[in-house]
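For reference, the structure is listed below as structure tokens.
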Amino acid sequence: MHEARIEYFLLTANVDRALRQIDYALREPTISSTERARLEQRQEDAKEIRESLKLDY
């Protein structure tokens, strides 16, 4: 569920909301190490996207 929301928010340029969803997902107690690594990478990607959007304006 979190991943779909993360992707939606990124596709609609709601990067801050995507980062919030990533934070929620990372707090899940049952998250696997693979899922955690994927989400942490997505978090870094989203931060880079946010920075690039700031530079474009």
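Taking only protein heavy atoms and a 1.4 Å probe, what accessible area per residue, in Å², does the chain have with all protein chains in place?
On the way: 4250 Å² over 57 residues.
On a per-residue basis, 74 Å².
Between the Cα long axis of helix 33-56 and the first principal axis of the chain there is an angle of about 10°, rounded to the nearest 10. One entry in (1) 1.12; (2) 1.04; (3) 1.30 is Cα Rg over 2.2 N^0.38 Å calculated from the shown coordinates; its label is (1).
Summing Lys, Arg as +1 and Asp, Glu as -1, what charge do residues with Cβ under 13 Å from the Cβ of Arg20 carry, Arg20 excluded? Please report the intermediate quantities before stating the final value.
Values: positive: Arg5, Arg17, Arg27, Arg42, Lys47, Arg50; negative: Asp16, Asp23.
Spelling it out: positives minus negatives among the neighbours equals +4.
Rolling a 1.4 angstrom probe over the chain with all protein chains present gives an accessible area of which 50% lies on carbon and sulfur atoms.
The values are calculated or read from the model by the stated rules, or taken from the named source; none is laboratory data. This structure is a prediction, so every number in the text was calculated from the model and none was measured. Glycine gets a Cβ as well: all are built from the backbone with ideal geometry, and neighbour counts include every protein chain shown. With ligands, DNA and RNA removed, areas are computed over all heavy atoms of the protein, side chains included. Shrake-Rupley method; radii C 1.70, N 1.55, O 1.52, S 1.80 Å.
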